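The values are calculated or read from the model by the stated rules, or taken from the named source; none is laboratory data. None of the values given here were measured: they were computed from a predicted structure. As a convention, Cβ positions derive from the backbone with ideal geometry for all residues, glycine included, and neighbour counts pool all protein chains shown. For the accessible areas, the whole protein counts, side chains as well, though only heavy atoms, and no ligand, DNA or RNA atoms are used. Shrake-Rupley method; radii C 1.70, N 1.55, O 1.52, S 1.80 Å.
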Amino acid sequence: MKYGTLYAYWTHEWACDYYEIADKCKKAGFDVMEIGASHTLDMSDAEIEKLRDYCKELGLEISCNLGPPKSKDISSKDPAVREAGIKFLIDILHKMDKLGSKVLIGAYYNSWPSDFVDVDKEVRWKLSVESMKRVAAVADELGIDLCLEVLNRFETPLINDCDEGIKYCREVGHKSCKLLLDTFHMNIEEDDLPEAFRKAGSLLGHVHVGECNRKLPGMGHNIPWDGIGEALRDIGYDGYVVMEPFMKPGGAVAADIKVYRDLSGNADEETMDKYIADSLVFLKSKFEA
Ligand SMILES: [Mn+2]
C-alpha cells in the first residue's frame, strides 16, 4: 500500500500551489499527493510536465480527485449535459495520462455536491452506467483506474454503500471501473466496515481514510482501524490509502464539506504538519502489521 493525503488539508480554497503542497506531502512522509482533477484542465502541457517531473523527483505519485459540476453530470436526463460530462471526464483522463497519474477518484458518476433536485434513482443510475461505459473504454486503453467513490446519503442519491458500488461496477463491466471506499462515509452507511472492504475485494481501487468527523486517522475512537487493516491485508490490497481530513472552517473547501467549527483545536500550521505526520505513523502501525 502507498499512503497519501488530499492537498486540501493545507488550503481553504480548492485552488492551490501544488509545488508547495508536494513539499509538505514529502516532508510528512507520504508517497502520494491527491490533487484536484479539474485543475489539470487549466494546465498547459508544459505545466503538466513540470509538475509530473517535480513529483517524480520527490518520489511522489499523484491521484486525481473529482466532483463534477451539475452542468457536467453524466447521470443527467439532459443528453447535452451527459455529453458535456463524458467529454469532461475523457479530457481529464488525457491530461492525467500526460501527468503520469493512474487513479481518478470521486463521485463523478453524478455531480457533486448533489443538490437532490432529481432523485429519480432508477433512471439516473441507468443513464450514468451507460455514460460511464464510454469513459471506461478510454480509461481501459490509458491504463487509468476509475475509482468511484461510495458516498453517504447526504451527498448523493445514487451509490450509498459498498453493495450498490459493486452492482454499479459490474453493470459498467470494464476492467478500469473500480470502487473507492471512504471510512467517513462508510461509518454512516455500512453495518461492518472491515466486512465491506472484504466484500469489495479485487474491485477495491482506492481507499480514503479519516475519522467519523473527518479528523485525521488516530484522532478519534470510532473507526475500527485494526480490523480495516486486517481486511485490507486479507484481500491483498496494494493500492493507495489517502487521508481526506477536513478540520478547519473558512473558505470554499469548508463550505462544500460543511465544516463550521475548528476541529483542530485552533492548531497553527506547524502543529497541523505535526498532526498529519503523526497520523501517518499511526495508520501504518495499523495497516502494515
Ligand atoms: Mn472521500
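What to note about this one:
- Derived from the Cα gyration tensor, the three semi-axes of the equivalent ellipsoid of region 2-287 are 27, 22, 19 Å, largest first.
- Of Glu189, Glu34, the residue with the largest accessible area leads and the full order is Glu189, Glu34 (1.4 Å probe).
- Comparing Val32, Val138, Val209 in a Gaussian network model of the chain, where Cα atoms under 10 Å apart are tied by springs, the biggest mean-square fluctuation is seen for Val138.
- Sites Glu269 and His221, calculated FRET efficiency, Cβ-Cβ separation with R0 22 Å, nearest 0.05: 0.25
- Estimated FRET transfer efficiency (Ser285, Lys121; beta-carbon r; R0 35 Å; 0.05): 0.30
- Over the chain, DSSP H runs of length four or greater, each weighted -39,500 (n - 2.57), average out per residue to a 222 nm ellipticity of -14500 deg cm²/dmol.
- Solvent-accessible ranking of Phe282, Phe246, Phe184, largest area first, probe 1.4 Å: Phe282, Phe184, Phe246
- Our compactness index for region 72-123, the C-alpha radius of gyration over the empirical 2.2 N^0.38 Å, is 1.28.
- Shape category assigned to region 50-156 from the gyration tensor of Cα positions, a/c cut at 1.5: prolate
- Region 2-287 - percent relative contact order, Cα under 8 Å, separation 6 or more: 18
- Between Leu216, Leu179, Leu263, the GNM of the chain built on Cα springs shorter than 10 angstrom shows Leu263 fluctuating the most.
- The gain in end-to-end length when the Lys70 to Glu13 segment is fully stretched comes to 18.6 nm, 0.36 nm per residue minus the alpha carbon separation.
- Heavy-atom accessible area with a 1.4 Å probe sorts Arg124, Arg82, Arg233, Arg170, largest first, into Arg170, Arg233, Arg82, Arg124.
- Residues whose amide H lies under 5 Å from that of His206, counting only those 5 or more places away or on a different chain, are Leu179, Leu181; hydrogens are built 1.01 Å from N in the peptide plane.
- Max mean-square fluctuation residue, GNM over the chain, Cα-Cα springs under 10 Å, options Tyr18, Tyr260, Tyr275: Tyr260
- Accessible area of the chain belonging to carbon and sulfur atoms, whole % at 1.4 Å probe: 50
- Cα-projected label distance for Ala255 with Ser44, points at 7 Å along beta-carbon direction, nm: 3.1
- Accessible area per residue for region 103-215, computed on protein heavy atoms with a 1.4 Å probe, is 37 Å².
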